[in-house]
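Right, one structure below, let's go through it.
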Amino acid sequence: MNNSTENYYSDFTRISNSNIGWFLNKGPAYLHKMLTDPVEEKNPILERGTMIHEYLLQPEEFQKDYVIWTAAKPSSVQQKTFCEELANSLEIEPDKAILSAYKSAYSTRGKTGDLMLSEGQEMALKLKDYISFLKSNDTRIMVMPSELKMLEKIKQNIQVHKAANKLLLDPNAKHEFHINWEHEGVKCKSLLDSLSLDRENKVCTIMDLKTTAKLWHFEESMEMYDYLRQLCYYTMAVSWYLSKELDEDPNEWKIEWYIIGIDTTGTNEIRVFKFNVEQVESRYETIVKALDDIFWHQQHDLWEHSRKYYEGDGAEKLTLKD
């Protein structure tokens, strides 16, 4: 068990809740591909969610991963290319480096060398801080003033929300809590936004942050992304942790589940949703069945089709809703 996020995202030997989602929605072949030959795809919505998570839950990590950027930044693809070419240039003479970068980024048709150099020098001066940043090989992500304003507004709204503020300030809470665990032979992993263990009163609180454009129709997001399955998966991980790591009987503990919904449409309003045992446990059988099937695929190293395909005649039954 490891309580840091180190190796969580790079460990493809263990199954996460997201992996189960891939398996259920896209099948075993897709899951196998993502575990053996993962493709890193940029998703602006997920990237913004990660930024908000770190700002609220891991301020020290936020400082490592992000930089507040108030200087000028390229406003076009051509300007970005110009800056990158200039930052990576090995040319000793500045004017030659600028001219070469300009020619790599812009059309030179109808322009004299003096005009290109003049425009390049003006651009290099305007974007000098950005170019210096590139030259330094700083890997931090730039946070623009508008994004910082959003982050500050979200934090402020959480601070004045009586339920959200209490959850985030819980003295027992550990944020980004990483649990490596097992279920019936399947190696699993979970990264909880926040886990609070009150050992004196035997109360466990699982809290998750969710950014959403549907704060007042959050039930739609709950169904679309199956957040109940995620809460159930986290509960299974915590139960394992209580039993195997803390030598506690999970049945003696009361578990509470919360999701802090954060609006991303402009108001950055906060709502806190609480869930009951019946809601969370409703996804247990789905998870267990998925893990059992994944384990079967792992044991037989067969991934191109479903387990039913291999065990049957190749035809599969489709469950239809009434």
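The values are calculated or read from the model by the stated rules, or taken from the named source; none is laboratory data. All values reported here derive from a predicted model rather than from experimental measurement. Every residue, glycine as well, gets a Cβ built from its backbone with ideal geometry; the counts of neighbours run over all protein chains shown. Accessible surface is based on the protein model in full, side chains and every heavy atom, while ligands, DNA and RNA are left aside. Shrake-Rupley method; radii C 1.70, N 1.55, O 1.52, S 1.80 Å.
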Q. Quick check, is Y102 in contact (Cβ under 8 Å) with a residue 24 or more places away in the chain and hydroxyl-bearing (S, T, Y)?
A. no
**Q.** Leading residue by the ranking (farthest from Q58 (Cα to Cα)) among those in the range 162-186 that are of a type in the set (D, E, K, R) and touching a Ser or Thr at 6+ places or on another chain (Cβ under 6 Å)
**A.** D170
**Q.** Contacts under 6 angstrom Cβ, first residue in the range 175-203 being without any contact (Cβ under 8 Å) to a residue 60 or more places away in the chain and farther than 19 Å from D293 by Cβ, partner in a strand (DSSP E or B) and among the charged types (D, E, K, R), 6 or more apart
**A.** L195/K174; V203/K254
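Report the residue count in the range 228-264 for those that are modelled with pLDDT of 95 or more and either of a type in the set (F, W, Y) or in a loop (DSSP other than H, G, I, E, B) (or both).
The first filter runs over the range 228-264 and keeps only residues modelled with pLDDT of 95 or more, leaving 228-263.
Retained after the next criterion (residues that are either of a type in the set (F, W, Y) or in a loop (DSSP other than H, G, I, E, B) (or both)): 233-234, 240-241, 245-249, 253, 257-258.
Total meeting the criteria: 12.
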Q | Number of positions in the range 23-44 that are hydrophobic (A, V, I, L, M, F, W, C), free of Cβ contacts under 8 Å to residues at least 24 places away in the same chain and in a helix (DSSP H, G or I) | A | 2
(Q) Quick check on my filter: what residues within the range 183-193 are in contact with a Phe, Trp or Tyr (Cβ under 7 Å, 6 or more places away or on another chain) and either of a type in the set (A, V, I, L, M) or in a strand (DSSP E or B) (or both)? (A) V186, C188, K189, S190, L191, L192
Q) Taking the range 53-79 as the region of interest, how many residues are over 30 Å from D193 (Cβ atoms), open to solvent by less than 90 Å² (accessible area, probe 1.4 Å) and either in contact with a Phe, Trp or Tyr (Cβ under 6 Å, 6 or more places away or on another chain) or part of a helix (DSSP H, G or I) (or both)? A) 3
Q.
Please verify whether Y225 is open to solvent by 70 Å² or more (accessible area, probe 1.4 Å), at pLDDT 95 or above and closer than 26 Å to A290 by Cβ, treating the condition exactly as stated.
A. yes
Q. Among the residues of the range 111-155, which ones are of a type in the set (V, I, T), open to solvent by 40 Å² or more (accessible area, probe 1.4 Å) and in contact (Cβ under 8 Å) with a residue 40 or more places away in the chain?
A. I141
**Q.** Residues of the range 288-309 satisfying the condition of being open to solvent by 50 Å² or more (accessible area, probe 1.4 Å) and either closer than 19 Å to N25 by Cα or part of a loop (DSSP other than H, G, I, E, B) (or both)
**A.** K289, D292, F295, Q298, D301, L302, E304, H305, R307, K308, Y309
Q.
I need the full set of residues from the range 107-147 which are over 18 Å from Q78 (Cα atoms), among the charged types (D, E, K, R) and more than 35 Å from the chain's Cα centre (by Cα), in order please.
A. D114
Q) Which condition number does I260 fail, the rest of (1) over 17 Å from R14 (Cβ atoms); (2) open to solvent by 20 Å² or more (accessible area, probe 1.4 Å) being met? A) (2)
Q) Where residues in the range 272-287 are in a helix (DSSP H, G or I) and free of Cβ contacts under 8 Å to residues at least 24 places away in the same chain, which of them is least open to solvent (accessible area, probe 1.4 Å)? A) V277
